[in-house]
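Visitor: Supplied in structure tokens, the structure appears directly below.
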Amino acid sequence: MLQRFESKLLASAALIVGISLAPTSARAATLGFADVVLEYFAAGNSPSPLPEPYGSTGRAILEPSENGGFTIEPVSPDVILGPPPPSPVNSRLNPNVDWLALPQGSFVTVGFTNERIVDGPGNDIFIGNLEDSAGEQADIFVSANGNDFEFLGRIGEGGVRELDLATIGFTAPVEAIKIVGIDNFGNSPGFDLVSVEGLPGSIEPRFEPASVPEPTSTLGLLAFGALGADSVLKRKQKQQKLSRSKTFVS
């Protein structure tokens, strides 16, 4: 009886230890590409009459217009999540291009659900932006904890820009990337961000730790079960002994 009770107890403990936490995201994750917006900040320095955030959701106007061939409109910051559209990533030539404009002082911080970015061979991070440029620029920061950021470099708009974590000796896995606009150039004022990507050689899969109870609680559970079973067994043995004693007296 005691052995059967302990077997059931150990099986229950194994089920408790085996529970894991599955990562979740509001948008389907594509390996290597940012898939969650951690923070968006509007500095309010844009000369555009539109409130931030603004940019385009790909509803391009291919004939000439006051904005140079595209529509500036309010957008959600999550237009930059996931992979970019097929080339050309050009506001005048590709109606499928979405972007978020980051005017002076405004920024967006993105993260990765299923992976982290590490210092691999060569460049580690791609910042996708519009190929047609008016000289816009942005500052890029990286963080290992989502709170403390280190400056990685300044990039100019004009297509995909590559960054190497080794240039600043950043060896910790990158949990978050911040892109900050530093000017108001262009018809869509500010840096026109399209996507953020970790390169295949710089991706580290994210493994969530199992939800394991405290060692003391597990041991306590096993000890309590063992004591309870032992008590039941002793009580049964005592009853059997008393029964035999009564039979002998009779």
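Visitor: Here's a check for you: in region 127-156, which residue that is of a type in the set (Asp, Glu) and in a loop (DSSP other than H, G, I, E, B) is farthest from the chain's Cα centre (by Cα)? Spell out the reasoning first.
Guide: So in region 127-156, the residues of a type in the set (Asp, Glu) come out as 131-132, 136, 139, 148, 150.
So of that shortlist, the ones also in a loop (DSSP other than H, G, I, E, B) come out as 131-132, 136, 148.
Details: Glu131: 27, Asp132: 29, Glu136: 27, Asp148: 16 Å.
Ranking the qualifying residues of region 127-156, first place goes to Asp132.
Visitor: Taking region 131-149, which residues are buried (at least 16 other Cβ atoms within 10 Å of the Cβ) and either at pLDDT 95 or above or not assigned by TED's automatic domain parsing to the domain that holds Asn114 (or both)?
Guide: Glu136, Gln137, Ala138, Asp139, Ile140, Phe141, Val142, Ser143, Ala144, Phe149
Visitor: Here are some conditions: (1) touching a Lys or Arg at 6+ places or on another chain (Cβ under 9 Å); (2) surrounded by fewer than 18 Cβ atoms within 10 Å (Cβ to Cβ); (3) at pLDDT 95 or above. Glu204 meets all but one. Which one does it not meet?
Guide: Going through the list (1) touching a Lys or Arg at 6+ places or on another chain (Cβ under 9 Å); (2) surrounded by fewer than 18 Cβ atoms within 10 Å (Cβ to Cβ); (3) at pLDDT 95 or above, Glu204 breaks only (3).
Visitor: Let me confirm something: among Gly153, Gly181, which residue is more than 20 Å from Pro83 (Cβ to Cβ) and surrounded by 23 or more Cβ atoms within 10 Å (Cβ to Cβ)?
Guide: On the way: Gly153 fails: surrounded by 23 or more Cβ atoms within 10 Å (Cβ to Cβ).
One residue alone meets the criteria, Gly181.
Visitor: Looking at region 22-77 only, could you name the residues that are in a loop (DSSP other than H, G, I, E, B), of a type in the set (D, E, K, R) and at pLDDT 90 or above?
Guide: In the first step, residues of region 22-77 are kept if they are in a loop (DSSP other than H, G, I, E, B); the result is 22-32, 34-35, 42-53, 58-72, 75-76.
Now drop any that are not of a type in the set (D, E, K, R), which leaves 27, 35, 52, 59, 63, 66.
Listed by number, the residues that qualify are Asp35, Glu52.
Visitor: Checking Asn123 against (1) in contact (Cβ under 8 Å) with a residue 40 or more places away in the chain; (2) not in a loop (DSSP other than H, G, I, E, B), which test does it fail?
Guide: So Asn123 meets the others, but not (2).
Visitor: With (1) modelled with pLDDT of 95 or more; (2) buried (at least 16 other Cβ atoms within 10 Å of the Cβ) as the list, and Trp99 as the residue in question, which single condition is left unmet?
Guide: (1)
Visitor: Taking region 160-169 as the region of interest, how many residues are over 19 Å from the mean Cα position of the chain (by Cα) and crowded, with 18+ Cβ neighbours inside 10 Å? Don't jump to the end; show me each part of the working.
Guide: First, pick out the residues of region 160-169 that are over 19 Å from the mean Cα position of the chain (by Cα): 160-164, 166-169.
The next check asks that each one be crowded, with 18+ Cβ neighbours inside 10 Å; those that pass are 161, 163-164.
The number of residues fulfilling the criteria is 3.
The values are calculated or read from the model by the stated rules, or taken from the named source; none is laboratory data. Quantities reported herein were computed from a predicted structural model and do not represent experimental measurements. With ideal geometry, Cβ positions are generated from the backbone for all residues, glycine too; neighbour counts draw on all protein chains shown.
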